[in-house]
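Notes follow the structure.
The values are calculated or read from the model by the stated rules, or taken from the named source; none is laboratory data. Bear in mind that the values here come from a model prediction, so they are computed numbers and not experimental data. Backbone-built Cβ (ideal geometry, glycine too); neighbour counts: all protein chains shown. The protein model used for the area step is the full one, side chains on, heavy atoms only, and it has no ligands, DNA or RNA in it. Shrake-Rupley method; radii C 1.70, N 1.55, O 1.52, S 1.80 Å.
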Amino acid sequence: MYSIILGSPASGQISDEYRQRAVMLCAAVFASFTVSRAEGYFRGQREDSLVFQIATSEPEKVIRLAAQLAVEFCQDGVGLLRPSSPDATSMLYTRVIPIGQSLTG
């Protein structure tokens, strides 16, 4: 199971249009997934977030989708929760940062 955590735009709120665009991008890659609204904090600031949960044996597709979401929504990076190894029961949190972008602050 993989989870992609997509933050909100600078306003800190996710509009219905923003959510629909994100869902369409995910649906173009995966036929089955769950999307939930969440409240998160990034660099000390509250923001709405979308969490996509995807059950797949193709982690490279999840990573590409996370990078695509980061680029499409002008994010420095997108959170990714994934198994720590193929047969692991523990999860590992990482950030997917699109090539050519860097974190500041």
Inset, instruction - Could you tell me which residue of segment 13-56 is farthest from SER3 (Cα to Cα), considering only residues that are open to solvent by 90 Å² or more (accessible area, probe 1.4 Å) and touching a Ser or Thr at 6+ places or on another chain (Cβ under 8 Å)? - result: GLU39
Legend entry - Search result, residues across segment 4-59 that are of a type in the set (Ser, Thr, Tyr) and either within 19 Å of VAL71 (Cβ to Cβ) or free of Cβ contacts under 8 Å to residues at least 12 places away in the same chain (or both): SER8, SER11, SER15, TYR18, TYR41, SER49, SER57
Inset, instruction - Could you list all residues from segment 57-99 that are open to solvent by less than 80 Å² (accessible area, probe 1.4 Å), more than 22 Å from GLN20 (Cβ to Cβ) and more than 10 Å from the chain's Cα centre (by Cα)? - result: GLU58, PRO59, ASP76, ARG82, PRO83, SER84, SER85, ALA88, SER90, LEU92, THR94, ILE97
